[in-house]
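Values in this text are rule-based calculations from the coordinates and carry no lab data. Everything numeric here is computed off the predicted structure, so don't read it as measured data. Positions of Cβ are generated from backbone atoms using ideal geometry, with glycine treated the same way; all protein chains shown enter the neighbour counts.
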Amino acid sequence: MKQVKPKKNLGQHFLTDLDIARRIADTVDACAGIPVLEVGPGMGVLTQFLISKPREVKVVEIDAESVAYLHDRFPALADRIVAADFLRMDLGGVFGGRQFVLTGNYPYDISSQIFFKMLDNRQLIPCCTGMIQREVAQRMASAPGCKAYGILSVLMQAWYDVEYLFTVDEDVFNPPPKVKSAVIRLTRNGRTSLGCDEGLFRRVVKTAFNQRRKMLRVSLRQLFGGQGATEGFFDGPLMTMRPEQLSVGQFVELTNLVAAEPALAKPAGNE
């Protein structure tokens, strides 16, 4: 069977270590009883271990050569191979509206987009596992006060508990990436509502971290129109803090303070 040639434009780095593939596949066991959707299966090194589990598995692959390879190698999977761009899919229709585990060896260049799509569909995805660039994994799992704590940390941890499971070296891929990888697991926390406007929450978090070295009383001024915030707004206790010091709950508190301001500027474009 002809091997698939990794394509640079798709960010393909095929995992070659079967033991690591098996360990990644086993991360889905924490969310038992629901189907699994694998993103970017490539030549199926992870797929072979997922389909050995007693649960429904589907894979989504954008690369036509990989799709053809998967059909040849896994004929029993034929009607569960989705030839599509995951970022453009309607996830509600994948398993008929049922919840599922999201997993995969995610392409580095779109991993953040994959996770933001997961956030937008969090009612369908109670658990997400997989392998990503180590730096991104560290940011997602980082706690307040740590250097890696940032926008991705806050937005992910608002809805998911993030576990950094293990690091993967470069030499187990074809071709080897220039950075190390890491395997993570995200599990929906008990939060059903943020208790604030979610769109404004994202805007506040992004605005704060755009000037992460500044105190919030400096970085948040751009949220307001020409007349500025009401008197005393920037005198509150949160305003002397820097964004990496705030927990998710404190960002929610901050968002509600901002929402109460009459001079809050409308965002330019979609936030």
Please give the contour-minus-distance gain from ARG23 to ASP90: 0.36 nm per residue of separation, less the Cα-Cα distance, rounded to one decimal in nm.
21.2 nm
The range 128-152-the range 182-206 distance, computed between alpha-carbon centres (Å):
14
On a C-alpha basis, how far is the centre of the range 232-271 from the centre of the range 1-39 in Å? Whole number, if you could?
40
Ordered by residue, what ³J(HN,Hα) values in Hz, to whole numbers, does the range 205-215 give under the Karplus form 6.51 cos²θ - 1.76 cosθ + 1.60, where θ = phi - 60° and Gly and Pro are x?
4, 5, 5, 4, 7, 5, 10, 5, 7, 8, 5
Name the residues whose placed amide hydrogens come within less than 5 Å of the amide hydrogen of VAL36, ignoring near sequence neighbours (fewer than 5 apart) on the same chain.
GLU56, VAL57, LYS58, VAL101
Expressed as cubic angstrom per residue, what is the convex hull volume of the alpha carbon set of the chain?
135
Highest mean first, how do 44-51, 63-70, 89-96 rank when packing is the count of other Cβ atoms within 10 Å averaged over residues?
44-51, 63-70, 89-96
Please list the non-local residues whose amide H lies under 5 Å from the amide H of ARG191, H modeled 1.01 Å from N, same-chain partners needing a gap of 5 or more.
none
Peptide ranges 246-253, 52-59, 147-154, 260-267 listed from the most packed, as the mean C-beta count within 10 angstrom indicates
147-154, 246-253, 52-59, 260-267
For the range 91-161, what's the radius of gyration and Dmax over Cα atoms, in angstrom?
12.6, 41
Phi to ³J(HN,Hα) by Karplus 6.51 cos²θ - 1.76 cosθ + 1.60 over the range 158-166, Hz, x for Gly, Pro
5, 10, 9, 7, 10, 10, 8, 8, 6
Find the percent of Cα-Cα distances in the range 151-221 that exceed 13 Å, and round it to a whole number.
74
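Output the relative contact order of the chain, whole-number percent, from Cα pairs under 8 angstrom with separation of 6+ residues.
Computed over the chain, the figure is 16 percent.
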